[in-house]
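So the structure is just underneath, and the comments pick up after that.
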Amino acid sequence: MSGYIAPAAKVFTVAHVRDEEVQSSGCPDGETICGMPLEPAEVWLPLTLRPGDRVCPVCADPEQAGTEEQGTLL
């Protein structure tokens, strides 16, 4: 994984991983592996994970796509 990110403008429950290969959302900052757009208005911040920090299960294992919530409350 290349890095962990969290939205400052939403309730943070799990870290997400930036998808370095895909920018299909049309958002200039790209999107996460689980498909959340990294919109500048949400002030996405880089994180350094500590032991016990949770990572979005889809970002951690894309094979789980569609089986878990994305980890933020809208």
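The set of residues in region 45-74 being surrounded by 15 or more Cβ atoms within 10 Å (Cβ to Cβ), modelled with pLDDT of 55 or more and not in a loop (DSSP other than H, G, I, E, B) consists of Leu47, Val55, Pro57, Val58, Cys59, Ala60.
So which residues in region 33-56 are more than 15 Å from Val11 (Cβ to Cβ) and of a type outside the set (A, V, I, L, M)? Matches in region 33-56: Cys34, Gly35, Pro37, Glu39, Pro40, Pro46, Thr48, Arg50, Pro51, Gly52, Asp53. Inclusion of Gly26 among residues that are open to solvent by less than 80 Å² (accessible area, probe 1.4 Å), part of a loop (DSSP other than H, G, I, E, B), out of contact with any Cys (no Cβ under 6 Å at 6 or more places or on another chain) and modelled with pLDDT of 80 or more is not warranted.
The values are calculated or read from the model by the stated rules, or taken from the named source; none is laboratory data. No experiment lies behind these values; they were computed from the predicted model shown. For neighbour counting, all protein chains shown are included, and Cβ atoms are generated from backbone atoms with ideal geometry for every residue, glycine included. Remember, those area values only see protein heavy atoms, side chains included, never the ligands or the DNA or RNA. Shrake-Rupley method; radii C 1.70, N 1.55, O 1.52, S 1.80 Å.
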